[in-house]
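The structure appears right after this line, and notes come after that.
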Amino acid sequence: MKRAHSMIEGFQSAHVQTMDAQMKDKVKMMMMRMNTNLEDIQKHLDVLEKEVNGKQALDVIADRTSAILKHLDDMPKPKPSGMDMPGGKPMMQ
């Protein structure tokens, strides 16, 4: 999960670098929402990691995992028309 989170952050960062100022302004609200979701996911991952390495309360693990999934569901999704990943690699469909 941590690796996937890092990949999402990396993709987002690389994608933002390809945008001009006009495009950044156009997607400003979407990017703010995505950044908030990524920050919240990181917080849940930190707590989840401590729980898994600690007492391993299954209810806490399930709650944190559920919260992470809700944030992922709230993130903007790529269009099926074929958005490419940084480096020109097509996204898996």
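Here are the numbers for the structure shown:
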item: Estimated inter-spin distance, Ala14 and Val27, nm [label 7 Å along Cα→Cβ]; result: 1.4
item: Extension gain (nm, one decimal) between Gln56 and Gln42, 0.36 nm per residue minus Cα-Cα; result: 3.2 nm
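Readers should treat all values here as calculations from the given coordinates under stated rules, not as data from a laboratory. It should be emphasised that the depicted structure is a prediction, and the values quoted were computed from it without experimental measurement. Using ideal geometry, Cβ is built from the backbone for each residue, glycine included, and neighbour counts are taken over all protein chains shown.
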